[in-house]
Amino acid sequence: MAIKRMDNVGIVVADLDVAIDFFLELGLELEGRGMIEGEWAGRVTGLGDQRVEIAMMRTPDGHNRLELSCFLTPPVVEDHRNAPVNALGYLRVMFAVDDIDETLERLRKRGAQLVGEVVQYKDVYRLCYIRGPEGILIGLAQELS
């Protein structure tokens, strides 16, 4: 077998505290937070001398993680946060939720904005996209029983 599992999805943010609070409100758990720096780290990323504060967020089932990174050195070079759904590269992160309306209500208090509208796909899902902290594109899916 070539792959054992997907370890995490990484998102670069400017304000780590705001992003952590948002994803805690969504229902993820903070697994850990720390500084990544040193010669070894720059060799892995190809950025050379780097200093990055990260927070590892875990889904309640413990199977998936979201790594939030705030680069202190070197500075961020591009900004794709406001790219539309059909942009090349990072698209979005999708989370399964129990109640999409309740989740939207909670996340709106943290600045989330609905993209388009909540739609129903057959009798299977209710789906929507939101813009979270710093414009991060997030999908929400509620499975219908």
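I'd like to know if the range 97-109 contains one or more residues that are within 15 Å of the chain's Cα centre (by Cα) and either surrounded by fewer than 17 Cβ atoms within 10 Å (Cβ to Cβ) or under 26 Å from Met6 (Cα atoms) (or both).
The first filter runs over the range 97-109 and keeps only residues within 15 Å of the chain's Cα centre (by Cα), leaving 97, 107.
Restricting the remaining residues to those that are either surrounded by fewer than 17 Cβ atoms within 10 Å (Cβ to Cβ) or under 26 Å from Met6 (Cα atoms) (or both) gives 97.
Yes, that holds for at least one residue.
Among the listed residues Met6, Met57, which satisfies the condition of being crowded, with 16+ Cβ neighbours inside 10 Å, under 25 Å from Ile130 (Cα atoms) and not β-branched (Val, Ile, Thr)?
On the way: Met6 fails: crowded, with 16+ Cβ neighbours inside 10 Å.
Step by step, each of Met6, Met57 is checked, and only Met57 is crowded, with 16+ Cβ neighbours inside 10 Å, under 25 Å from Ile130 (Cα atoms) and not β-branched (Val, Ile, Thr).
Going through the range 69-83 one residue at a time, which ones are touching a residue at least 40 places away in the same chain (Cβ under 8 Å) and in contact with a Lys or Arg (Cβ under 9 Å, 6 or more places away or on another chain)?
Answer for the range 69-83, where residues must be touching a residue at least 40 places away in the same chain (Cβ under 8 Å) and in contact with a Lys or Arg (Cβ under 9 Å, 6 or more places away or on another chain): Phe71, Arg81, Asn82.
Table: residues versus (1) within 17 Å of Ala19 (Cα to Cα); (2) at pLDDT below 95; (3) charged (D, E, K, R).
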residue: Pro75; (1), (2), (3): no, yes, no
residue: Val93; (1), (2), (3): yes, yes, no
residue: Asp98; (1), (2), (3): no, no, yes
residue: Asp101; (1), (2), (3): no, no, yes
residue: Ala112; (1), (2), (3): yes, no, no
residue: Val118; (1), (2), (3): no, no, no
residue: Pro133; (1), (2), (3): yes, yes, no
residue: Ile138; (1), (2), (3): yes, yes, no
residue: Ala141; (1), (2), (3): no, no, no
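Taking only pairs six or more apart or across chains, which ones have beta-carbon atoms under 7 Å, a first residue in the range 46-61 that is assigned by TED's automatic domain parsing to the domain that holds Met35, and a second residue that is among the β-branched types (Val, Ile, Thr) and surrounded by 14 or more Cβ atoms within 10 Å (Cβ to Cβ)?
Qualifying pairs under 7 Å: Val52/Ile36; Ile54/Ile36; Ala55/Ile20.
So which residues in the range 21-62 are closer than 30 Å to Ile100 by Cβ, touching an Asp or Glu at 6+ places or on another chain (Cβ under 7 Å) and outside any loop (DSSP other than H, G, I, E, B), if there are any at all? Don't jump to the end; show me each part of the working.
Keep residues of the range 21-62 that are closer than 30 Å to Ile100 by Cβ, which gives 21-33, 54-62.
Still in the running and touching an Asp or Glu at 6+ places or on another chain (Cβ under 7 Å): 54, 56-58, 60.
Passing the criteria: Ile54, Met56, Met57, Arg58.
Counting just the residues of the range 10-53 that are exposed (fewer than 13 other Cβ atoms within 10 Å of the Cβ) and aliphatic (A, V, I, L, M), which one comes out nearest to Gln113 (Cα to Cα)?
Restricting to residues being exposed (fewer than 13 other Cβ atoms within 10 Å of the Cβ) and aliphatic (A, V, I, L, M), the top hit is Met35.
Which is closer than 19 Å to Ile11 by Cβ, in contact with a strand residue (DSSP E or B) (Cβ under 8 Å, 6 or more places away or on another chain) and of a type in the set (A, V, I, L, M), of Ile138, Ile100? Lay out the reasoning, then the answer.
Values: Ile100 fails: closer than 19 Å to Ile11 by Cβ.
After applying the criteria, what remains is Ile138.
Let me confirm something: among Ala19, Ala96, Ala112, Ala55, which residue is of a type in the set (A, V, I, L, M, F, W, C) and over 18 Å from Leu140 (Cα atoms)?
Checking each option against the conditions leaves just Ala55.
The values are calculated or read from the model by the stated rules, or taken from the named source; none is laboratory data. Just so we're clear, the structure is a prediction, and the values are computed from it rather than from any experiment. A quick note on method: Cβ atoms are made from the backbone with ideal geometry, for glycine too, and the neighbour counts reach across all protein chains shown.
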